[in-house]
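J.: Here's a structure for you.
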There are 2 protein chains.
Amino acid sequence: MSEDRLIVFDTTLRDGEQSPGASMNLAEKLEIAHALADLGVDVIEAGFPIASPGDFEAVQAIAQEVEGPVICGLARCNPDDIDRAWEAVRDSARPRIHVFLATSAIHREFKLKMDKGEIVRRAVEGVQRARGYCDNIEFSPEDAARTELDFLAEVVERAIEAGATTVNIPDTVGYAMPSQYAAAIRHLKQTVRGIGNVVISVHCHDDLGLAVANSLAALTEGARQVECTINGLGERAGNCALEEIVMAVRTRGDYFGLKTGINTRRLYPTSRLVSRVTGIGVQRNKAIVGQNAFAHEAGIHQDGMLKERTTYEIMNPEEVGLPRTELVLGKHSGRHALRQRVRDLGYHLDDAQLQRVFEGFKALADRKKNIYDADIEALAEAQIHEGPALWTLESFHSSAGTGTMPTAGVCLRHADGHKAQDAACGDGPVDAVFKTIERITGVTVHVRDYQVRSVTVGEDAQGEASIEAEHNGRIFRGRAVSTDILEASAMAFVEAINRTALRRQPRLNPQAETVAAT
Amino acid sequence: MSEDRLIVFDTTLRDGEQSPGASMNLAEKLEIAHALADLGVDVIEAGFPIASPGDFEAVQAIAQEVEGPVICGLARCNPDDIDRAWEAVRDSARPRIHVFLATSAIHREFKLKMDKGEIVRRAVEGVQRARGYCDNIEFSPEDAARTELDFLAEVVERAIEAGATTVNIPDTVGYAMPSQYAAAIRHLKQTVRGIGNVVISVHCHDDLGLAVANSLAALTEGARQVECTINGLGERAGNCALEEIVMAVRTRGDYFGLKTGINTRRLYPTSRLVSRVTGIGVQRNKAIVGQNAFAHEAGIHQDGMLKERTTYEIMNPEEVGLPRTELVLGKHSGRHALRQRVRDLGYHLDDAQLQRVFEGFKALADRKKNIYDADIEALAEAQIHEGPALWTLESFHSSAGTGTMPTAGVCLRHADGHKAQDAACGDGPVDAVFKTIERITGVTVHVRDYQVRSVTVGEDAQGEASIEAEHNGRIFRGRAVSTDILEASAMAFVEAINRTALRRQPRLNPQAETVAAT
């Protein structure tokens, strides 16, 4: 790649998915991977294949299906991890293995219990083993930003000798200051033999709100790959937000002189998709993709008062794909228009799924005058979230009011065909519905979070109910949309209950485990 | 103040309140001002007094009531603004007037239609007039970061000669890069006569995600006041987040060598208070105060696995006031314990309000086993939100279910004593309730946003309904809490309807208006 090309490495599916509450199923991960390819990212870190069979399966499916970007799998510096990562990514036209090993004193002492010599030996062995499989190898000295500079330079140099083609310098805990981080990159650039032949990458966390600033500072010293996530998802306060770094580099092209391969008009739709799939929203005052990012208190209804847009706006909302209006389709819109809109919104559905969306669309158009993007998103979401449904909501009734006891009656259909119905009281109508469903299914959960939000506006608005329920120490999510929020709540609760039956095997977290003895 | 003391200037009530959807009433502003004083901010920018009678009244009430911080009012560089700002803040023991005037070429040409000479003249006159009232004067050249450096230096120097004691260098549109912004501060520090005798301040916006980084970069060049807001609220993508800059300066004390007067243990409660009062939430992956900021995917239930906390955490959650557990009070807790808890949560209620909270608490404790912080917050909120209620919910009933038409019956009591009841159908039970209330009150609104979220956890969780409704081009919010979300929705809708009756006069936005001719 040329000197002025910035490689965008997206880790929404790996570091982003490690956010508490953000875990995704296979279909959801594939959906996001396709959207990232449409967005134009250069590398997709698809997961940590050894973490669980589900993680492996997702990385492999993405490697097989998603064309365009490099598909990367994460591995600790040990043979099992690396072999498994290679198995997962080998079907991609452009596979990469990403091996990592912590190098900071605190990680050496407390997590790994290894001395410097041992760290170097393991790093070299890991990179060499990975290189035996594949030409595209990234090496990360974890917690690099807190590692002694001389030792960091030594490890990086040895990893390059061993065959690493990208060296990533992570600020794993979000501790760095931009000038210090830039100085570290400069030091490596000046002292490490062979560094001119590899790509220097950065991976910053936002614990002090500096992930984007640290990444940008590194670019001015020659880093040419940035690791980031949609909406800045990731462990703790998250990673560098893709949309922010991309728009900073673009808006301040005069300063950075860099280009990315990102189609910026896909930024907003991709942000929406990720926030809907993960259930982790974006705050209103979030840069680039927040609801207020391009809105002014006085400006909303008073655009005409601003004599020149650029007095208060340094970016054009259309540049990031913010829709001018969300009203798109009506009763008479055809299948082709719907297919195109689904695609524009970032969904990749097959013909059978599209057919179901179309049927849902026609049914909705009978009830609703205006069909908004959010309505279509809800219909498309229902396709990708769909798992094997043990129980399905057949019908419900609920009654509540001042001075009366809230009651609900629910009828569920089991996958084996039989129907079951029951009734219960509750603190409110929603609680009554939940208690009835628990009574029918025999599964009791602890509701940790329950939310309803209008996904469209107007008289015939649809509400989306989302539930986070705990069952045997694990979290299960459920979501559903309806014009009746009680119905949406019932369907979401049934979905969460269904998911408890599909409980996956325990899963490794790359940061919680030491390297297995070789 | 000593060289190593950083002045924290909070503008949540001015720039933060300019966020679309964040406008607050008098009681809400007072509540936040008290919380900011508890937090230990040095300066509270309480508002823009000339914007509307409501804004004036809020700044004046804060100046009269809130002790400790400097109370500051914003004014454009014209006599009316400055006179009004002085009237509003003069009752404070420590008043400040903050005058501003745009200096960048684009603002001069398109917004102000003034040449450089005219800008300097107006700035000097403005500062002089303000200085005639008060010794503590801040001057801001708006859009300083896009202003020619030489002209900026000239304006700043003339403002200092005219009597400004703090000069603020705003990056109004969030365009600056940290190294450039630092260079601008350095240039001013080196070239402006008299700058050693005043405080240099920074005010950064987050359009490219760099508000905190830019502010920090300026500190290394000698800026000693930072303008910021709780949760980073503010126009568009918002301002520098107070909690982030304070914790960056504290966590990296080795780098900055600066101290603030902030009691960091009040950061989390203050963030919660502001997000509840404004209705603008904080995203899960927000630094410092987000729900995930101190949570690890693997770590939540596996703390024991981390051999040393600092391997992945650079701050201690207790340092920012994150509660270990939210379960605090039960049925037998007394008035004193409740009063203390209300205070710890950041509320400043008078005895009558506390009495009503206590009564609500006792009633709730009869229905709920465990009373959480969020329950108490909801009770306290109800006190500060309370406005003159034209209509009150007397009773309601609602019925919905598969294949039946959702219906609701509602009875409201008018302030004049009469009761009115009616019924309506809807797309769902909530819609039926809303339609009934519109029918009774005769007020029709357009619901722009409707949300319900559980504010506590467990079987007996309470739900908070919040509504954003548009009426004659203005936005009105309503919120209410109940274990029955239909009841909460009905009360929130009635609150929004009541607020339409109290429509305030039109209000100026400092950024949307040119300077009135003098």
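J.: For residues in segment A:246-275 being within 16 Å of the chain's Cα centre (by Cα) and open to solvent by 10 Å² or more (accessible area, probe 1.4 Å), which is farthest from A:Glu313 (Cα to Cα)?
T.: Quick first cut of segment A:246-275, residues within 16 Å of the chain's Cα centre (by Cα) only: A:266-275.
Next, only the ones that are open to solvent by 10 Å² or more (accessible area, probe 1.4 Å) stay: A:266, A:268-269, A:272, A:275.
Details: A:Arg266: 20, A:Tyr268: 17, A:Pro269: 21, A:Arg272: 22, A:Ser275: 25 Å.
So, considering only residues that are within 16 Å of the chain's Cα centre (by Cα) and open to solvent by 10 Å² or more (accessible area, probe 1.4 Å), the one farthest from A:Glu313 (Cα to Cα) is A:Ser275.
J.: Among the candidates B:Leu210, B:Leu233, B:Leu216, B:Leu258, single out the residue that is within 22 Å of B:Gly47 (Cα to Cα), at pLDDT 95 or above and not small (Gly, Ala, Ser).
T.: On the way: B:Leu210 fails: within 22 Å of B:Gly47 (Cα to Cα); B:Leu216 fails: within 22 Å of B:Gly47 (Cα to Cα); B:Leu258 fails: within 22 Å of B:Gly47 (Cα to Cα).
Matching residue, one of B:Leu210, B:Leu233, B:Leu216, B:Leu258: B:Leu233.
J.: Let me ask you something else. For B:Glu109, all conditions in the list (1) without any contact (Cβ under 8 Å) to a residue 24 or more places away in the chain; (2) in contact with a Pro (Cβ under 8 Å, 6 or more places away or on another chain) hold save one; what is the number of the exception?
T.: Only one criterion in (1) without any contact (Cβ under 8 Å) to a residue 24 or more places away in the chain; (2) in contact with a Pro (Cβ under 8 Å, 6 or more places away or on another chain) is unmet by B:Glu109, namely (2).
J.: For the structure I just gave you, tell me whether B:Val443 is closer than 24 Å to B:Gly279 by Cβ and in contact with a Gly (Cβ under 8 Å, 6 or more places away or on another chain).
T.: When the stated conditions are applied, B:Val443 does not pass them.
J.: Quick one: how many residues across segment A:80-113 are buried (at least 19 other Cβ atoms within 10 Å of the Cβ), more than 19 Å from A:Pro49 (Cα to Cα) and of a type outside the set (Gly, Ala, Ser)?
T.: Count: 5.
J.: Consider segment A:208-253. How many of its residues are touching a Cys at 6+ places or on another chain (Cβ under 9 Å) and at positive phi?
T.: Count: 3.
J.: Kindly indicate the residue of segment A:261-284 that is at pLDDT 95 or above and assigned to a loop (DSSP other than H, G, I, E, B) and also nearest to the other protein chains (Cβ to nearest Cβ) among those meeting that condition.
T.: That would be A:Ile262.
J.: From the list B:Met247, B:Met177, pick out the single residue that is touching a Lys or Arg at 6+ places or on another chain (Cβ under 8 Å), among the hydrophobic types (A, V, I, L, M, F, W, C) and over 27 Å from B:Glu118 (Cβ atoms).
T.: From the options B:Met247, B:Met177, the qualifying one is B:Met177.
J.: Please find, among B:Ala389, B:Ala378, the residue that is surrounded by fewer than 18 Cβ atoms within 10 Å (Cβ to Cβ) and in contact (Cβ under 8 Å) with a residue 60 or more places away in the chain.
T.: None of the others qualify; the one that does is B:Ala389.
J.: Go through segment B:212-225 and report how many residues are in contact (Cβ under 8 Å) with a residue 40 or more places away in the chain and closer than 30 Å to A:Glu319 by Cβ. Please lay out each step first, then the result.
T.: So in segment B:212-225, the residues in contact (Cβ under 8 Å) with a residue 40 or more places away in the chain come out as B:214, B:216, B:218-219, B:223-225.
With the extra rule that they be closer than 30 Å to A:Glu319 by Cβ, the set shrinks to B:214, B:216, B:218.
Qualifying residue count for the region: 3.
J.: Ok, one more. Taking only pairs six or more apart or across chains, which ones have beta-carbon atoms under 9 Å, a first residue in segment B:339-350 that is under 16 Å from B:Lys362 (Cα atoms), and a second residue that is open to solvent by 80 Å² or more (accessible area, probe 1.4 Å) and in a loop (DSSP other than H, G, I, E, B)?
T.: none
J.: Select, from A:Asn239, A:Asn197, the only residue that is under 20 Å from the mean Cα position of the chain (by Cα) and either free of Cβ contacts under 8 Å to residues at least 40 places away in the same chain or open to solvent by less than 10 Å² (accessible area, probe 1.4 Å) (or both).
T.: A:Asn239
J.: Could we say that B:Gln64 is out of contact with any Lys or Arg (no Cβ under 8 Å at 6 or more places or on another chain) and closer than 22 Å to B:Glu28 by Cα here?
T.: Numbers: out of contact with any Lys or Arg (no Cβ under 8 Å at 6 or more places or on another chain): yes; closer than 22 Å to B:Glu28 by Cα: yes.
So B:Gln64 passes the test.
J.: Just checking: which of the helices (runs of 4 or more DSSP H) contained wholly in segment A:1-109 hold 1 or more residues that are within 14 Å of the chain's Cα centre (by Cα) and at pLDDT 95 or above?
T.: Output list reads A:26-39, A:53-65.
J.: Just for segment B:413-462: of the residues that are of a type in the set (A, V, I, L, M, F, W, C) and part of a loop (DSSP other than H, G, I, E, B), which one is surrounded by the most Cβ atoms within 10 Å (Cβ to Cβ)?
T.: Among those residues, the one meeting the criterion is B:Ala461.
J.: Looking at segment A:16-32, is at least one residue among the polar types (S, T, N, Q), open to solvent by less than 10 Å² (accessible area, probe 1.4 Å), in contact with a Cys (Cβ under 9 Å, 6 or more places away or on another chain) and farther than 22 Å from A:Ala159 by Cβ?
T.: Looking for residues that are among the polar types (S, T, N, Q), open to solvent by less than 10 Å² (accessible area, probe 1.4 Å), in contact with a Cys (Cβ under 9 Å, 6 or more places away or on another chain) and farther than 22 Å from A:Ala159 by Cβ, one finds none in segment A:16-32, hence no.
J.: Scan segment A:463-493 for residues that are outside any helix (DSSP H, G or I), open to solvent by less than 10 Å² (accessible area, probe 1.4 Å) and within 15 Å of A:Gly360 (Cβ to Cβ) and report the count.
T.: Of the residues in that region, 1 qualify.
J.: Looking at this structure, is B:Thr191 farther than 29 Å from A:Glu243 by Cβ and open to solvent by 10 Å² or more (accessible area, probe 1.4 Å)?
T.: Yes: the conditions hold for B:Thr191.
J.: Quick check on segment A:143-155: of everything there that is assigned to a helix (DSSP H, G or I) and within 29 Å of the chain's Cα centre (by Cα), which residue is farthest from A:Leu216 (Cα to Cα)?
T.: So in segment A:143-155, the residues assigned to a helix (DSSP H, G or I) come out as A:144-146, A:149-155.
Checking the rest, the ones that are also within 29 Å of the chain's Cα centre (by Cα) come to A:144-146.
Values: A:Ala144: 17, A:Ala145: 15, A:Arg146: 19 Å.
Selected residue: A:Arg146.
J.: Moving on. Taking the residues in segment A:200-211 that are of a type in the set (Gly, Ala, Ser) and either free of Cβ contacts under 8 Å to residues at least 60 places away in the same chain or at the interface with another protein chain (Cβ under 9 Å from one of its Cβ atoms) (or both) as candidates, determine which candidate is nearest to B:Arg284 (Cα to Cα).
T.: Among them, the one singled out is A:Gly209.
J.: On to the next question. Among B:Val66, B:Val59, which is the only one that is more than 17 Å from B:Leu233 (Cβ to Cβ) and buried (at least 24 other Cβ atoms within 10 Å of the Cβ)?
T.: Only one candidate passes the filter, namely B:Val59.
J.: Scan segment B:170-188 and tell me whether some residue there is away from chain A (no Cβ under 14 Å), open to solvent by 10 Å² or more (accessible area, probe 1.4 Å) and more than 26 Å from the chain's Cα centre (by Cα).
T.: yes
J.: Would it be correct to say that B:Asn136 is out of contact with any Asp or Glu (no Cβ under 8 Å at 6 or more places or on another chain), more than 14 Å from every other protein chain (Cβ to nearest Cβ), open to solvent by 60 Å² or more (accessible area, probe 1.4 Å) and polar (S, T, N, Q)?
T.: So B:Asn136 fails the test.
J.: Please find, within segment A:397-412, the residue that is surrounded by the fewest Cβ atoms within 10 Å (Cβ to Cβ) out of those that are at the interface with another protein chain (Cβ under 7 Å from one of its Cβ atoms) and in contact with a Leu (Cβ under 7 Å, 6 or more places away or on another chain).
T.: The selected residue is A:Ala400.
J.: Please tell me if B:Ile160 is open to solvent by less than 20 Å² (accessible area, probe 1.4 Å) and at pLDDT 95 or above.
T.: Taking the combined requirement at face value, the residue does not satisfy it.
The values are calculated or read from the model by the stated rules, or taken from the named source; none is laboratory data. Keep in mind the model is a prediction, meaning the values are calculated, not measured. Here the Cβ is made from the backbone with ideal geometry for all residues, glycine too, and neighbour counts use every protein chain on show. Accessible surface is based on the protein model in full, side chains and every heavy atom, while ligands, DNA and RNA are left aside. Shrake-Rupley method; radii C 1.70, N 1.55, O 1.52, S 1.80 Å.
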